[in-house]
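A.B. asks: Just passing along the structure, written as structure tokens.
Computed from the coordinates by the stated procedures, all read-outs in this text should not be read as laboratory data. Keep in mind the model is a prediction, meaning the values are calculated, not measured. Because the Cβ atoms are built from the backbone with ideal geometry, glycine has one as well, and the counts that use them run over all protein chains shown.
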Amino acid sequence: MEFGELLKQFLIDLQSLFRTKAKSLNLTLPQIMLMSSIPTDGIDMTSLSHRIGVENSTLTRLIDVLIKNKFVLKNKNPLDGRSMLVSVTKSGEQLQKTIEAEVDQFGLDIFHHIPMEDQDEVKEILSTFHWIVTKYKMNN
């Protein structure tokens, strides 16, 4: 299998597993990824759209649902009236903790299926791969 095909299949399988494991959150995968990407001190919408790789219009639709559910707030940036800041509410912070716990458990469940003698190597390879993907993302 070519590397691109392997990446595509890995992404599909990972998303499918994550959706199944995160059903109890009653959020879509993009909403979960968005909630996981908002720092507790807030972020402007343009930076957030770049962080998660979606257009501003898509981000606005995702945020509107989260506002409706009282997980986030959207306010004008006091330093720049043209931009909007997104911040999490108290219930949003609780949701972030729940998402983090679900992701941690999901990671442990998968990690425990890796043979003990390979676990350190897999972690090192994934860490290196993440660094390369992050660097690639910044240059494109």
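A.B. asks: Which whole-Hz ³J(HN,Hα) couplings does the stretch 77-88 yield from phi under the Karplus relation 6.51 cos²θ - 1.76 cosθ + 1.60, θ = phi - 60°, glycine and proline marked x?
C.D. replies: Coupling constants for the stretch 77-88: 6, x, 8, 8, x, 7, 10, 10, 9, 10, 9, 8 Hz.
A.B. asks: By how many nm would the segment from Ser24 to Phe129 lengthen if fully extended, with 0.36 nm per residue of separation less the alpha-carbon distance?
C.D. replies: Details: separation 105, 0.36 × 105 = 37.80 nm, distance 2.99 nm.
This chain segment gains 34.8 nm when fully extended.
A.B. asks: Enter the Cα centre distance for the pair the stretch 74-140 and the stretch 1-66, rounded to the nearest angstrom.
C.D. replies: Going from one Cα centre to the other spans 10 Å.
A.B. asks: Under 17 Å from the Cα of Lys123, which aspartates and glutamates turn up, not counting those fewer than eight places away in the same chain?
C.D. replies: Asp104, Asp109
A.B. asks: For Lys74 and Met1, what does the FRET efficiency come to when R0 = 35 Å and r is the distance between their Cβ atoms, rounded to the nearest 0.05? Provide the component values of the computation, followed by the final result.
C.D. replies: Details: r = 43 Å, r/R0 = 1.22.
Calculated transfer efficiency: 0.25.
A.B. asks: What FRET efficiency comes out for the pair Glu55/Asp120, r = Cβ-Cβ distance, R0 = 35 Å, nearest 0.05?
C.D. replies: Working: r = 39 Å, r/R0 = 1.12.
After rounding, the FRET efficiency stands at 0.35.
A.B. asks: What is the calculated FRET efficiency for Met138 to Gln9, with r their C-beta to C-beta distance and R₀ = 25 Å, to the nearest 0.05?
C.D. replies: Values: r = 25 Å, r/R0 = 1.01.
So the FRET efficiency works out to roughly 0.50.
A.B. asks: If you place +1 on the Cβ of every Lys and Arg, -1 on the Cβ of every Asp and Glu, and leave all else neutral, what size is the dipole of the chain about its Cα centre, to the nearest 20 Debye?
C.D. replies: With only Lys, Arg, Asp and Glu charged at Cβ, the dipole is about 960 debye.
A.B. asks: Right, next: Give, in nm to one decimal, the length gained when the segment between Phe111 and Thr89 is fully stretched (0.36 nm per residue of separation minus the Cα-Cα distance).
C.D. replies: Numbers: separation 22, 0.36 × 22 = 7.92 nm, distance 3.22 nm.
That pair, Phe111 and Thr89, stretches by 4.7 nm at full extension.
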